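Participant: Here it is, the structure in full.
The values are calculated or read from the model by the stated rules, or taken from the named source; none is laboratory data. Note that the structure is a prediction, hence the values are computed from the model and not measured. Cβ placement follows ideal geometry from the backbone for every residue including glycine, while neighbour counts extend to all protein chains displayed. Heads up: the accessible areas ignore ligands, DNA and RNA and are worked out on the full protein's heavy atoms, side chains in. Shrake-Rupley method; radii C 1.70, N 1.55, O 1.52, S 1.80 Å.
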Amino acid sequence: MSINLNSSNVATRENRIGSITGYIGSLKDLSEQSECGTLKGCSRCFSQSSTCLSSCALGQLSAIRDIAIIHHGPAGCSVAGAGTYYLDKVMAKKRGVTTDTVYVGTDMNEKDTIFGSTQALRDIILEVNRRYAPKAIFVSSSCATGIIGEDIDSVVDEVKEEIKVPVIAVHCEGFKSRIWATGFDISDHAVLSGIVKPPKEKRNTVNFKNFYESARPEIIEMFKNFDLEPIFLYCNSSVEELEHISESLATTCICGTLGNYLGNGLEEKYGVPYVRSINPLGVAGFEAWLRAIGDATGRRDKVEKYIEEQRAIYLPQIEEVKKQLKGLKAVLGMGPGYTFEVSRVLNELGIEVVWALAWHYDKKYENGDVPPSMKYLLENDVDFEASVADQQNYEVMNILNKYQPDLYLSRHPGSTVWAIKNGTPAVYVADEYMIFGYKHTLEFAHAVLDAIHNRSFEKNLAARVKLPYTKWWYEQKVDEFLEEPSDKKAQ
Ligand code: SF4
């Protein structure tokens, strides 16, 4: 699908790439329905949780150094700014840089939602520019401004005449998508349309879209073997750095859900190749990813040499620990960018995935292909029960009770805590690089062993916690809580 950078608005994942938040079945069925075009998202008759896409969009943007976010909406919408502000400061400190990014809410009140507040927004943008002198200003909408049709684009166009730095409208009305990852696309769209400049020269750099760059030093060192320099986005990025990402040799990411829009946008608009391989988690993922970077940048020989050296160090150790993991059963619940990648790694380590929940599912990516992680599993004849559920922990509890796995894995602490209260050992795959490359795959395997060998914490906690779920709930079938799309019902 073509990316239209002339419009400030980006279509939702549901509309653009047919993403869904409701499905129960098997991996193969999910894929077959995706390919023949019959997959339709079902809705739940009860929804326990979700989140607003603006947290993803503005959380990504506010990690850019020395910019301003102006969140035009009621105070409740910009409450996420407090956490974001704190996180950005911590991540900058950790990296050893400073950031003066500010996050400002416009605090719309009842009068504003009736009569509009474009004049106030205009004044706020000018005042933020005067007071903080940011390197770029992102002006975000909200549900309230979307409902009343507040013309943020016109305000932004007007103030551009008076402000020297880029001022960019960011359309993040929470109601427009059930998929919070749409927020990642919104932030990429804002950067692509408002910050990135056409290339002047090519550089030996690779754009690396990630969340919190925890493996930054080791990846910089690794890329030196290939005469490449990674540019980590957007955590601690500077506006100047972003202006030049069209000059890189390639774009890659730690998670396809996070990086797909930017990668495809840079390829489509500026011809920067987007590395479309499975992600660098586990042995197969790491090697496929390195080879794809080698091919995209013309450095395949250097990559092969590196793989050979590293294999000799780590593969014997990984094979050894695999003996202790064989036969374990796992359930996992994560965003789709990780669910199907981590499923692959578990399979690689000899752990059987009995159920995988993805918080949403992208039928295809921007270029029209199914996500590489899914393709890989199917080509390697891996199948298991799978569901798509936007972090519905009550369903997780039902599934854990039914399968009694040795292990539950999630990237969201609010999900792992329920498993632990249920007495199920859980691994919180918090760090995006926790299973990166040979070294961290080995560490991850040991983390799994630690979790299953010492179960006293889960046992003690489960014995003392009264869960809200009754025997009745555990006897229910989770698939009965999905409503079929009306056209399917009518058949
Ligand atoms: S934009 Fe909408 S969904 Fe998001 S926080 Fe505001 S009211 Fe809630």
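Participant: Once every DSSP H run of n ≥ 4 in the chain is given -39500 (n - 2.57) and the sum is divided by its residues, what mean residue ellipticity at 222 nm do you get, rounded to the nearest 500 deg cm²/dmol?
Facilitator: Result for the chain: -14500 deg cm²/dmol, rounded to the nearest 500.
Participant: For the pair SER154 and ILE452, how long in nm is the line joining their label points, each one 7 Å along Cα→Cβ?
Facilitator: 6.3 nm
Participant: In percent, what relative contact order does region 205-301 have, based on Cα pairs under 8 Å that are 6 or more apart in sequence? It would help to have the intermediate numbers written out before the result.
Facilitator: Values: 137 pairs, mean separation 24.8, N = 97.
Dividing the mean separation by the residue count of region 205-301 yields 26 percent.
Participant: Among LYS93/LYS439; LYS89/LYS439; LYS224/LYS305; LYS28/LYS363, which pairs are too far apart, with a Cα-Cα distance over 19 Å?
Facilitator: In this structure, LYS93/LYS439; LYS89/LYS439 lie more than 19 Å apart at Cα.
Participant: Now for a different question. For a distance above 20 Å, tell me the whole-number percent of Cα pairs in region 206-357 that qualify.
Facilitator: 54 percent
Participant: Further question: What's the carbon and sulfur percent of region 17-70's accessible surface, probe 1.4 angstrom, rounded to a whole number?
Facilitator: Ligands and nucleic acids excluded, carbon and sulfur give 50 percent.
Participant: Nearest 5 percent is fine: what portion of the DSSP beta bridges confined to the chain is antiparallel?
Facilitator: Numbers: 9 of 48 bridges.
Close to 20 percent.
Participant: Separate question: In whole percent, how big is the carbon plus sulfur part of the accessible area of region 205-301, probe 1.4 Å, protein atoms only? Each step should come with its number before you reach the end.
Facilitator: Details: 1240 of 2720 Å².
About 45 percent, which is the carbon plus sulfur part of the accessible surface.
Participant: What residues qualify as long-range amide H neighbours of LYS363, i.e. H under 5 Å apart, gap of 5 or more or another chain, H built at 1.01 Å from N?
Facilitator: SER19, ILE20
Participant: Whole-Hz ³J(HN,Hα) for each residue in region 153-158, computed from phi via Karplus 6.51 cos²θ - 1.76 cosθ + 1.60 with θ = phi - 60°, x for glycine and proline: what do you get?
Facilitator: Karplus values, whole Hz, x for Gly and Pro: 4, 5, 4, 4, 4, 5.
Participant: Which residues' amide hydrogens lie under 5 Å from the amide hydrogen of VAL427, considering only partners 5 or more residues apart or on another chain, with H built in the peptide plane?
Facilitator: It is TYR408, LEU409, SER410, by chain and number.
Participant: How large is ³J(HN,Hα), in whole Hz, for each residue of region 87-94 in order, when computed from phi with the Karplus curve 6.51 cos²θ - 1.76 cosθ + 1.60 and θ = phi - 60°, using x for Gly and Pro?
Facilitator: With the stated coefficients, region 87-94 comes to 4, 4, 5, 5, 5, 5, 4, 4 Hz.
Participant: Take the Cα pairs of the chain, get the Kirkwood Rh, then feed it into Stokes-Einstein at 10 °C and 1.306 mPa s and tell me D in µm²/s.
Facilitator: Approximately 67 µm²/s, per Stokes-Einstein.
Participant: Report P(r) for region 311-483: all Cα-Cα distances, bin width 5 Å, range 0 to the bin holding the largest distance, values in whole percent.
Facilitator: Pair shares across the bins are 1, 8, 17, 20, 20, 16, 9, 5, 2, 1, 0.
Participant: Please turn the phi angles of region 388-403 into ³J(HN,Hα) values with the Karplus equation 6.51 cos²θ - 1.76 cosθ + 1.60 (θ = phi - 60°), one per residue in order, whole Hz, x for glycine and proline.
Facilitator: Residue by residue, region 388-403 yields 10, 8, 6, 6, 8, 5, 5, 6, 4, 4, 4, 5, 4, 5, 6, 9 Hz.
Participant: Given a 1.4 Å probe and every protein chain left where it sits, what share in percent of the accessible area of region 308-412 is carbon and sulfur?
Facilitator: Numbers: 1640 of 3710 Å².
Here carbon and sulfur together make up 44 percent of the probe-accessible area.
Participant: Amide H to amide H, which residues 5 or more places from TYR103 or on other chains are under 5 Å from it, using H placed in the peptide plane?
Facilitator: For TYR103, the qualifying residues are ILE69.
Participant: If r is the Cβ-Cβ distance from GLN48 to ASP295 and R0 is 41 Å, what FRET efficiency results, to the nearest 0.05?
Facilitator: E between GLN48 and ASP295, to the nearest 0.05, is 0.40.
Participant: Something else about it: For LYS160, go through the lysines and keep the ones whose alpha-carbon is under 21 Å away, minus same-chain ones fewer than eight residues off.
Facilitator: Straight-line reach from LYS160, under 21 Å: LYS135, LYS197.
Participant: Applying a 10 Å radius around every beta-carbon, put 342-349, 209-216 in order of their mean neighbour count, most first. Could the numbers behind the result be given before it?
Facilitator: Details: 342-349: 23.2, 209-216: 21.2.
Per-residue mean Cβ counts within 10 Å order the peptides as 342-349, 209-216.
Participant: May I pose another question? Over the chain, what is the relative contact order in percent, taking alpha-carbon pairs closer than 8 angstrom and at least six residues apart? If you can, show how the numbers build up before the last one.
Facilitator: On the way: 921 pairs, mean separation 87.8, N = 491.
Taking the mean separation of contacting Cα pairs over the length of the chain, I get 18 percent.
Participant: Per residue, how large is the accessible surface of the chain? Use a 1.4 angstrom probe and give square angstrom.
Facilitator: So the chain comes to 42 Å² accessible per residue, rounded to a whole number.
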